[in-house]
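Some notes on the structure that comes next.
The values are calculated or read from the model by the stated rules, or taken from the named source; none is laboratory data. Just so it is clear, the model here is predicted, and its values are computed rather than measured. Ideal geometry is used to build each Cβ from the backbone, glycine not excepted, and the neighbour counts take in all protein chains shown.
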Number of protein chains: 2
Amino acid sequence: MSTPTSPGKPGLSVSPLAVALPAFGRIAGVRLAVGRAGFYKHERPDVLLMAFDDGAMAAGVFTRHGVGSAPVDWCQSAIQQNGGAVRALVCNAGCANSFTGPPGAEAARRTAAAAAHALSAAPEEVMLASTGVIGVLLDAAKIEAVLPEIAARLSPDGWAEASEAIMTTDTFPKGAVAEATIDGHTVRIAGIAKGSGMIAPNMATMLAFVATDAAISSLALQDMLGVAITDTFNAVTVDGDRSTNDTCLVIATGKAGHAPALEATDPRLSGFKVALRDVLMSLAQQLVRDGEGATKFVRVDVTGAASDASARKIARTICESPLVKTAIAGEDANWGRLVMAVGRADEPIRREAIAIHFGPLCAAKDGMVAPGYDEAAMSAYMKGQELEISVDVGVGAGRASMWTCDLTKRYVEINGDYRS
Amino acid sequence: MSTPTSPGKPGLSVSPLAVALPAFGRIAGVRLAVGRAGFYKHERPDVLLMAFDDGAMAAGVFTRHGVGSAPVDWCQSAIQQNGGAVRALVCNAGCANSFTGPPGAEAARRTAAAAAHALSAAPEEVMLASTGVIGVLLDAAKIEAVLPEIAARLSPDGWAEASEAIMTTDTFPKGAVAEATIDGHTVRIAGIAKGSGMIAPNMATMLAFVATDAAISSLALQDMLGVAITDTFNAVTVDGDRSTNDTCLVIATGKAGHAPALEATDPRLSGFKVALRDVLMSLAQQLVRDGEGATKFVRVDVTGAASDASARKIARTICESPLVKTAIAGEDANWGRLVMAVGRADEPIRREAIAIHFGPLCAAKDGMVAPGYDEAAMSAYMKGQELEISVDVGVGAGRASMWTCDLTKRYVEINGDYRS
């Protein structure tokens, strides 16, 4: 049997940590279609158009990268201008349109105008997302040429194709669905995401598009997204590199039939919040599972920190330490490297109280190797594909969890010849 | 012709970026000898004893790591107790004696006592340094057993052997010498260092021992070391990981014949400061040249930053970005990744003014790809073994230089099986 390969990039083996796409079903008020604008030399869809019925509201979280990109600039400005009303999203793979100056901004404007024209909407009601190489100007003409034809094929059943069209170095498409109840009405949430390197998020760019038929104001969506992002997309890291284009959009079409929720504090939203978090968490973890070259999926729990923020910083330092990540790749329970990473996070710790566990196995306690430390049991544990590392730093009640993957030779290989 | 291998670790190929040891000569008042305590399974010297004549003064810079190690604790406390008077240094490879609790502290105390006994000194006049695996208790008995025999062989000509005895995963021994004039007297400086991974500094631990025959107070030495370290050891990074044991000691024996300098502001020290910086810079750059798996030696200059500190942070973010480092390994002039790294440093930048050069070649200016960008010329440049990358961020007059190496499959290989 041959190894399965990525639908996005010919010859790229699918991650051993891949999970299957869910059955997306439909989100009332959402239609999707994909097409080929030609940003890749090989045959593959590289443009996604999502259309939303009148009345849909959007919220977004964007990269805090200092350079950013034309599509991110566009979305932030558009949401601000029209209070979150949204009719379309255009996403292209193969070109990030970042660091492209005024010509890049003009290419974004033209793309939005083309989608607006095809859907009889205002340009400010069109969201944009681009992913690919930085510093290459988006050829808007390529998108203008195919958008009418793509718009003619919009379908409520296009989610799976959409999840593939936005891939770059991803080895498998990513999706998640969930349901909740608001006022006795079942509401559905569906989401797709892409990203595999430059996750922290990373250079392959993290993009996530989530839609629901719930009726929720842009402001309430924004508040809920802001809360949920901390423990989901902001709690995964592959390599600590952050993209110019990272974008997470949530769109609520309001077709589920219940009275709109205008505030995130609306008690009717409690179930929805959990479901939204579940979708974001699933997508975020799928990014890690597709971490470039990844062979291990690792959860790091930090407890006993001075605060949750302090715990997050320690967890992140562990997750991004090349020495920790290479040890995991080598199936080496090198807990000394965890000690190293904990200590270099520059956060309050009590070294004589540090405890470290690999799964159920205690490696260290009271600031020393654990009595009865069993190297053979540790080594056996490290052979697993899904690992849990817990570190208590003995100071307070702060805690955080973060997810990462190992650092393998394959990561170096993939990123050493990305553009070739 | 077979590839030369490391004198420290059998079978480890010497870095292609290696440089030869200098002719150390002697430093009046310094004697050295090495021996084998047995911290390694294979035959190699693993203990260094340096002895200093009465009157020598020491200054040190130590890891700011939150866990640290017993030898670092010992040195910091000893220097404080006795105002920097120093008679000996004991360094062992093969065990870091970090995260070893009270038993580790006791092992350090016993080691210092053994050296003090052999040299008729006070224990507080003995400096300690350990390097190797974290979390393993130092077996002081092994050092106690060999110290008398090593002390009997102390010689002013032992520098080259010393530079080899302190290696761990280093592929070549590291040394530097310089001369200066104080009051018409020629003074000499000699230094050795070790470190190759966990340089930022790194897990293999960075240790540097520098001695001079100049007559300089501990306080003045400390001030000069504090200044010089910023642009030397603190300006090199291999992988961003920082060790529990990093130590840089400078010892002045006062045998050169001039009247002692008590303050770093003493104008007679101007030439000495340059020479000290040269030695530290040479040693620091040799650490990068021995970066685990390194095939490229890279200088990164950042200009136009809001301050020197801001420039340093941007330079460091570039130097530690896995995506930048893997692109360099792949000889890919992927300047988009530089843009990514610049933007994620969270420092003030003006994106429409960013300019990037590879050596003399302009890749980007005014926030876009440079007019006449020549990919073929870039690719040819990237094939060089020594590279210079310059980034101007267009804000102010802040500038910094930092040195790093590429991230290769070999790095992953070395660190995936460090303990095996």
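When region B:370-394 is filtered for residues that are crowded, with 17+ Cβ neighbours inside 10 Å and touching a Ser or Thr at 6+ places or on another chain (Cβ under 8 Å), the ones remaining, listed by number, are B:390, B:391, B:392, B:393.
Filtering B:60, B:38 for residues that are touching a Lys or Arg at 6+ places or on another chain (Cβ under 6 Å) and assigned by TED's automatic domain parsing to the domain that holds residue B:249 leaves a single hit, B:38.
The requirement of being within 14 Å of chain A (Cβ to nearest Cβ) and closer than 24 Å to residue B:318 by Cα is satisfied by residue B:238. Within the set A:100, A:111, the sole residue that is in the same structural domain as residue A:253 (by TED's automatic domain parsing), among the β-branched types (Val, Ile, Thr), closer than 17 Å to residue A:166 by Cα and out of contact with any Ser or Thr (no Cβ under 7 Å at 6 or more places or on another chain) turns out to be A:111. Does residue B:345 fit the bill of being out of contact with any strand residue (DSSP E or B) (no Cβ under 7 Å at 6 or more places or on another chain) and more than 9 Å from chain A (Cβ to nearest Cβ)? Here the answer is no, as residue B:345 does not meet what is asked. If the condition is being over 15 Å from residue B:75 (Cα atoms) and in contact with a strand residue (DSSP E or B) (Cβ under 6 Å, 6 or more places away or on another chain), then region B:110-120 contributes only B:119. It is to be established whether one or more residues within region B:275-285 are assigned by TED's automatic domain parsing to the domain that holds residue B:191 and outside any helix (DSSP H, G or I). Checked region B:275-285: no residue is assigned by TED's automatic domain parsing to the domain that holds residue B:191 and outside any helix (DSSP H, G or I). Look at (1) more than 10 Å from chain B (Cβ to nearest Cβ); (2) of a type in the set (A, V, I, L, M); (3) touching a residue at least 24 places away in the same chain (Cβ under 8 Å) and you find that residue A:67 fails only one, number (1). In region B:92-100 there is no residue that is of a type in the set (A, V, I, L, M) and at pLDDT 95 or above. Just one of (1) modelled with pLDDT under 95; (2) over 20 Å from residue B:99 (Cβ atoms) trips up residue A:327, so point out which. Among (1) modelled with pLDDT under 95; (2) over 20 Å from residue B:99 (Cβ atoms), residue A:327 violates only (2).
Return yes or no: is residue B:301 away from chain A (no Cβ under 14 Å), assigned to a strand (DSSP E or B) and surrounded by fewer than 20 Cβ atoms within 10 Å (Cβ to Cβ)? Taking the combined requirement at face value, the residue satisfies it. Filtered by the rule that a residue be within 23 Å of residue A:30 (Cα to Cα) and assigned to a loop (DSSP other than H, G, I, E, B), region A:124-160 gives A:152, A:153, A:154, A:156, A:157, A:158.
Looking at region B:18-27 only, could you name the residues that are closer than 19 Å to residue B:284 by Cα and either more than 16 Å from the chain's Cα centre (by Cα) or in the same structural domain as residue B:93 (by TED's automatic domain parsing) (or both)?
B:20, B:22, B:23, B:24 - these are the residues of region B:18-27 that are closer than 19 Å to residue B:284 by Cα and either more than 16 Å from the chain's Cα centre (by Cα) or in the same structural domain as residue B:93 (by TED's automatic domain parsing) (or both).
Of all residues in region A:358-369, none satisfies being away from chain B (no Cβ under 14 Å), closer than 29 Å to residue A:231 by Cα and buried (at least 21 other Cβ atoms within 10 Å of the Cβ). On the stretch given as region B:142-159, residues that are within 25 Å of the chain's Cα centre (by Cα) and buried (at least 17 other Cβ atoms within 10 Å of the Cβ) total 4.
Mind counting the residues in region A:2-48 that are outside any loop (DSSP other than H, G, I, E, B) and either of a type in the set (A, V, I, L, M, F, W, C) or at pLDDT 95 or above (or both)? Spell out the reasoning first.
Quick first cut of region A:2-48, residues outside any loop (DSSP other than H, G, I, E, B) only: A:5, A:13, A:30-35, A:47-48.
Restricting the remaining residues to those that are either of a type in the set (A, V, I, L, M, F, W, C) or at pLDDT 95 or above (or both) gives A:30-35, A:47-48.
Result for region A:2-48: 8.
Of the strands (runs of 3 or more DSSP E) that lie entirely inside region B:353-418, those containing 3 or more residues that are under 23 Å from residue A:68 (Cα atoms) span B:355-358, B:361-365, B:386-392. Reported count of residues in region A:317-336, each being of a type outside the set (Gly, Ala, Ser) and either outside any helix (DSSP H, G or I) or not assigned by TED's automatic domain parsing to the domain that holds residue A:361 (or both), is 3.
This table checks each residue for (1) within 14 Å of chain B (Cβ to nearest Cβ); (2) buried (at least 21 other Cβ atoms within 10 Å of the Cβ); (3) aromatic (Phe, Trp, Tyr); (4) more than 21 Å from residue A:32 (Cα to Cα).
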site	(1), (2), (3), (4)
A:101	yes, no, no, yes
A:107	yes, yes, no, yes
A:111	no, yes, no, no
A:117	no, no, no, no
A:133	yes, no, no, yes
A:136	yes, no, no, yes
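Just checking, does region B:254-274 include any residue being crowded, with 24+ Cβ neighbours inside 10 Å and in a helix (DSSP H, G or I)? Yes, region B:254-274 has at least one match.
Any chance region B:95-115 includes a residue that's part of a loop (DSSP other than H, G, I, E, B) and farther than 30 Å from residue A:375 by Cα? No: region B:95-115 contains no residue that is part of a loop (DSSP other than H, G, I, E, B) and farther than 30 Å from residue A:375 by Cα. Mind counting the residues in region A:380-420 that are within 12 Å of chain B (Cβ to nearest Cβ) and among the acidic types (Asp, Glu)? Number satisfying all stated conditions: 3. Is there a residue being buried (at least 18 other Cβ atoms within 10 Å of the Cβ) and within 14 Å of another protein chain (Cβ to nearest Cβ) anywhere in region B:169-185? Yes: region B:169-185 contains one or more residues that are buried (at least 18 other Cβ atoms within 10 Å of the Cβ) and within 14 Å of another protein chain (Cβ to nearest Cβ). The residue that is nearest to the other protein chains (Cβ to nearest Cβ), counting only those in region B:308-341 that are free of Cβ contacts under 8 Å to residues at least 60 places away in the same chain and surrounded by fewer than 24 Cβ atoms within 10 Å (Cβ to Cβ), is B:330.
Applying the selection to region B:85-112, what residues are over 27 Å from the mean Cα position of the chain (by Cα) and without any contact (Cβ under 8 Å) to a residue 24 or more places away in the chain? Within region B:85-112, B:102 is the sole residue that qualifies.
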